[in-house]
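The next block holds one structure in the form of structure tokens; read it before the comments.
The values are calculated or read from the model by the stated rules, or taken from the named source; none is laboratory data. The structure displayed is predicted, hence computed values, not measured ones. Reconstructed Cβ throughout: ideal geometry from the backbone, glycine too, with neighbour counts over all protein chains shown. Note: accessible area is taken over every heavy atom of the protein model, side chains too, but ligands, DNA and RNA are not part of it. Shrake-Rupley method; radii C 1.70, N 1.55, O 1.52, S 1.80 Å.
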Amino acid sequence: MKKASPILLIVLALAALDGFLWYSILPSFSGDLAVYFLDVGQGDSQLVHLPGGAKILIDSGPDGKVLRELGRALPGGDRYIDLLLLTHPEADHIGGFVDILKRYEVGAVLLTGRGKDTDTWREFKKILSDKKIPAISLREGDRVSQGESRFDILSPGPEYMASAALNDTSIVSLLTSRSASFLFTADIDENLERHLAEKYDLRADVLKVAHHGSKYSSSEEFLREVSPKIAVIQVGKGNSYGHPTKEALSRLGATGATVYRNDADGGVAVLADGVTLSVLKY
Amino acid sequence: MRIHDGAFYAASLFLLGIAAASLGVSFPVVVAAWAVLAGIFAFSPNLIFIKPHSRVVLVSLSFIFLLGWVYFNLFYIAKEEVLPAGDAVFRGVVIEEPLHGERSQEILLRLSDPYAGEVRVYAPRYPEFHYGNLMSAEGEVRKSPSGALNISGFPQIKLVAEDGGSAVKLALLKFKNSFLENIKRVLPDEEAALAGGLTVGERASFSDEFKDAMAKSGTTHIVALSGYNISIIGFAISFLLAAFVSRGKAFYISVLVIILFVIMTGAEASVVRAAIMGILVLFAERTGRLYSMRNALVLAAFVMALVNPKVLVFNVGFQLSFGALLGIVYLKPAIEKIFRLGDGVGFLGWKANALTSLSAQLAVLPVLLYNFGSINLLSVVANVLILEILPFAMALGFAAGFTGFISYQLSLFTGLLTRPLLLWQIWVISFFGRISIPLAWDNFPPFLGAVYYLLIVALIVWSRRAPEPWEPRPLASRLPLS
């Protein structure tokens, strides 16, 4: 066989590189809404992929495991996340953000601004300022939207921002997109649930169960208000808190919703194509 | 006897003495052993490896066996440990870049006055400590279950100062970190971890599940740096430098880069061995001398034992690295000859790879059983499937890390090229991590290992003495291997 000329090889390599650059610049449109409840162990992390292409990561689990789960949920080679949303700075929600900020390109970070005196929080603030990533503070009444998709921020309102319990300051958001709605409740307890139920129409197709299935959350009246078709509990196998509690599980069972949990199902993804909701365990 | 043969015997005898001392053999017994050894050298019938005129030299060299024993014991006395007792405050310098793991960091601390010795400290992930940091800790120091390590689990730690450590090593580690960051920015987590392991031996990013899968599939060695890495570096340097500098300068630069690479990656046994032998290859090329694998192996072991006599018996990585190479150099030709496998390499060289893996595995079998209690009989299959593409995965992994210094977009591209290879390896490792035919043997008796190795040596010697056109035996001819 004749030896390939070096010029031809270089031209081919350049052509491949060119094709790749276009591929990476052009946005990808899948058209469906996908919400991944990442299996990060005992902690919260949800990746929302909007029909318009934006990717939003709500919380990051307790440690670096979120990186592996992101690697599985994001399309191969995707290195950009538009928004990181920190609901509140507890260890099992903030733990993986520093790793993510080190490895992914991030558009902006959304948070309440309420901090916590821990090494992880300090490291998080440090990397945000080192990498000059904009941090935007959210309150009740704010909205994040892209095309038909919108996140309505329902909490924290001013009366809860100074609460002694950090869980009360959690960002609660309601996502509506592709004729489906998702309620993300972070770690709120029954008092806050009652407060929100009085103030808002909370009906949602999918509920991220509050506080990993703690018995002080997921009250009967709140679940009746939300009346979810699908409920997902983010919880780690054999955790020391006894989550999810049998109290919460029995109240969830009474609603008729299909309950998924990361400790038993692994990663759980809910997809909405505008007509049906489908659940994928991966 | 030629000088290089003399050096070979001297180094071997020294290593033998160190081995005896490591195993706790007392001085009178060692002297008796020496007398027996000298007796064999002086009066034994003519064995193949002792030529008559070498006897005088060998008898005089046999004293070096005693020297090895003395060296080990002196070294051991000089390095005595003084550990803090109970809950105590201790200070120390971080002497290796800590392993920044998924849940915690692992810091190797050299204790400062009034204590002495090394302690492995486990700490929360943040704040991150680094090589050269001077830190103080309050907590307990315990012996590890095996007794080989000192451990302190989550003491209260504080950073005292940042500027300890050598400037060269600091710069190298900084470079390594940027290199790894480049990889991590363009590859999903699992693949990035593997690429980091293949190129610079980074292991902190592996999940426990993946480490377990590597151990069960018998593929952990691919993330231990070895001759592959050194060859790729040597090749890349000669390629880059060929156009610009003379061959003389290229030699010095190559040697320097190899040494810097070893320091940068933390000088684990396998890469030190590979580096010493690689430098010897370069030296042989430059001076036009013959490269002797036998002498290179023994010289590498000798240098490493001189720096730290404990590696010989107490460092499993050292034993696996040398054992596997000895298997490839001596056992592989023997198997080839006995089973008449001389011709054909197979698709992508799979036959050669299978034989290489098999020889290496056979050579380290007792070491693995003794230290880990079991091996996977399918590991040869897993290794063949991985070794086919290992050099390409390594080379592309290096490319992904280096192109990141030029342009992020470019490294995304090289990263993309690397992904299929990494995904394939991850798949093979996970698959053979689940599907295994384990050969388990708890408390493998060392004397059985000794018998095993004697049999292997006998096999090698026998195969060498066998006449060249080997008559096919009925058994051998029916083996599918030929």
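Look at the stretch B:425-452: where a residue is surrounded by fewer than 12 Cβ atoms within 10 Å (Cβ to Cβ) and a partner is among the hydrophobic types (A, V, I, L, M, F, W, C), sitting 6+ places away or on another chain with Cβ atoms under 9 Å, you get B:ARG434/B:ALA213; B:ILE437/B:LEU377; B:ILE437/B:LEU378; B:ALA440/B:LEU369; B:ALA440/B:ILE375. Can you name the residue in the stretch B:100-116 that is away from chain A (no Cβ under 14 Å) and crowded, with 17+ Cβ neighbours inside 10 Å and is also farthest from the chain's Cα centre (by Cα) among such residues? Across the stretch B:100-116, the extreme among qualifying residues is B:TYR115. Any residue at all in the stretch B:203-215 that is among the hydroxyl-bearing types (Ser, Thr, Tyr), under 23 Å from B:LEU368 (Cα atoms) and not in a loop (DSSP other than H, G, I, E, B)? Scanning the stretch B:203-215 turns up no residue that is among the hydroxyl-bearing types (Ser, Thr, Tyr), under 23 Å from B:LEU368 (Cα atoms) and not in a loop (DSSP other than H, G, I, E, B).
Conditions (1) farther than 30 Å from B:LYS169 by Cβ; (2) open to solvent by less than 40 Å² (accessible area, probe 1.4 Å); (3) among the small types (Gly, Ala, Ser), marked per residue:
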position	(1), (2), (3)
B:ILE18	no, yes, no
B:PHE75	no, no, no
B:ALA78	no, no, yes
B:VAL89	no, no, no
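Checked against (1) out of contact with any Phe, Trp or Tyr (no Cβ under 8 Å at 6 or more places or on another chain); (2) assigned to a helix (DSSP H, G or I); (3) open to solvent by less than 30 Å² (accessible area, probe 1.4 Å), A:PHE124 passes all but condition (1). Within the stretch A:195-221, being assigned to a helix (DSSP H, G or I) and within 29 Å of A:ASP117 (Cα to Cα) holds for A:HIS195, A:LEU196, A:ALA210, A:HIS211, A:HIS212, A:GLY213.
Considering B:SER379, B:SER374, B:SER357, the condition of being in contact with a strand residue (DSSP E or B) (Cβ under 9 Å, 6 or more places away or on another chain) and over 30 Å from B:VAL186 (Cβ atoms) is satisfied by B:SER374 alone. All conditions in (1) within 28 Å of B:TYR408 (Cα to Cα); (2) modelled with pLDDT under 90; (3) out of contact with any Lys or Arg (no Cβ under 7 Å at 6 or more places or on another chain) hold for B:ASN182, with the sole exception of (2).
Against the numbered list (1) within 28 Å of B:LEU15 (Cα to Cα); (2) in contact with a Lys or Arg (Cβ under 9 Å, 6 or more places away or on another chain), B:ARG286 comes up short only at (1). One residue is enough: does the stretch B:201-216 have a residue meeting the conditions away from chain A (no Cβ under 14 Å), in contact with a Pro (Cβ under 9 Å, 6 or more places away or on another chain) and modelled with pLDDT under 95? Checked the stretch B:201-216: at least one residue is away from chain A (no Cβ under 14 Å), in contact with a Pro (Cβ under 9 Å, 6 or more places away or on another chain) and modelled with pLDDT under 95. Taken together, the criteria place A:ALA162 among residues that are open to solvent by 70 Å² or more (accessible area, probe 1.4 Å) and of a type in the set (A, V, I, L, M, F, W, C). Considering the stretch A:5-26, and only residues there that are surrounded by 10 or more Cβ atoms within 10 Å (Cβ to Cβ), of a type outside the set (Gly, Ala, Ser) and modelled with pLDDT under 80, the residue that is farthest from A:PHE97 (Cα to Cα) turns out to be A:LEU9. Kindly check whether there is at least one residue in the stretch B:69-87 that is in a strand (DSSP E or B) and in contact (Cβ under 8 Å) with a residue 24 or more places away in the chain. Yes - at least one qualifying residue is present in the stretch B:69-87.
Specify the residue that is surrounded by the fewest Cβ atoms within 10 Å (Cβ to Cβ); the eligible residues are those in the stretch A:258-282 that are touching a Ser or Thr at 6+ places or on another chain (Cβ under 8 Å) and at negative phi. Write out each step before concluding.
Step one: list which residues in the stretch A:258-282 are touching a Ser or Thr at 6+ places or on another chain (Cβ under 8 Å), which gives A:270-272, A:274-275, A:279.
Still in the list and also at negative phi: A:270-272, A:275, A:279.
On the way: A:VAL270: 22, A:LEU271: 18, A:ALA272: 22, A:VAL275: 8, A:VAL279: 16.
Looking at residues that are touching a Ser or Thr at 6+ places or on another chain (Cβ under 8 Å) and at negative phi, I get A:VAL275.
Taking the criterion of being surrounded by 21 or more Cβ atoms within 10 Å (Cβ to Cβ), of a type in the set (A, V, I, L, M, F, W, C) and assigned to a helix (DSSP H, G or I), the only residue of the stretch A:101-121 that qualifies is A:LEU101.
Number of residues in the stretch A:27-64 that are hydroxyl-bearing (Ser, Thr, Tyr), open to solvent by 10 Å² or more (accessible area, probe 1.4 Å) and modelled with pLDDT of 95 or more equals 1. Across the stretch B:176-193, not a single residue is classified as away from chain A (no Cβ under 14 Å) and open to solvent by 30 Å² or more (accessible area, probe 1.4 Å). Here B:SER374, B:SER379, B:SER359 are screened, and the one residue that is more than 14 Å from chain A (Cβ to nearest Cβ), touching a Lys or Arg at 6+ places or on another chain (Cβ under 7 Å), in contact (Cβ under 8 Å) with a residue 24 or more places away in the chain and among the hydroxyl-bearing types (Ser, Thr, Tyr) is B:SER359.
Take the residues of the stretch B:363-389 that are of a type in the set (A, V, I, L, M) and more than 19 Å from B:LYS216 (Cβ to Cβ): which is nearest to the chain's Cα centre (by Cα)?
The first filter runs over the stretch B:363-389 and keeps only residues of a type in the set (A, V, I, L, M), leaving B:363-365, B:367-369, B:375, B:377-378, B:380-382, B:384-387, B:389.
Among the residues that remain, those that are also more than 19 Å from B:LYS216 (Cβ to Cβ) are: B:363, B:389.
Details: B:ALA363: 14, B:ILE389: 21 Å.
Of everything passing the filter in the stretch B:363-389, B:ALA363 is nearest to the chain's Cα centre (by Cα).
Given the structure, is B:GLU97 away from chain A (no Cβ under 14 Å), among the charged types (D, E, K, R) and either open to solvent by 40 Å² or more (accessible area, probe 1.4 Å) or not in a strand (DSSP E or B) (or both)?
Numbers: away from chain A (no Cβ under 14 Å): yes; among the charged types (D, E, K, R): yes; either open to solvent by 40 Å² or more (accessible area, probe 1.4 Å) or not in a strand (DSSP E or B) (or both): yes.
Answer is yes for this residue.
Suppose we keep only residues that are more than 13 Å from chain B (Cβ to nearest Cβ) and more than 20 Å from A:PHE184 (Cβ to Cβ) within the stretch A:131-145. Which one would you say is least open to solvent (accessible area, probe 1.4 Å)? That would be A:ILE133. Sub-7 Å Cβ pairs linking a first residue in the stretch B:134-150 that is without any contact (Cβ under 8 Å) to a residue 40 or more places away in the chain and in a strand (DSSP E or B) to a second residue that is open to solvent by 20 Å² or more (accessible area, probe 1.4 Å) and of a type in the set (A, V, I, L, M, F, W, C), at least 6 apart or interchain, are B:ARG142/B:ILE151, ordered by first then second residue.
Would the stretch A:173-188 turn up any residue that is among the aromatic types (Phe, Trp, Tyr), outside any loop (DSSP other than H, G, I, E, B) and open to solvent by 20 Å² or more (accessible area, probe 1.4 Å)? Within the stretch A:173-188, none of the residues are among the aromatic types (Phe, Trp, Tyr), outside any loop (DSSP other than H, G, I, E, B) and open to solvent by 20 Å² or more (accessible area, probe 1.4 Å).
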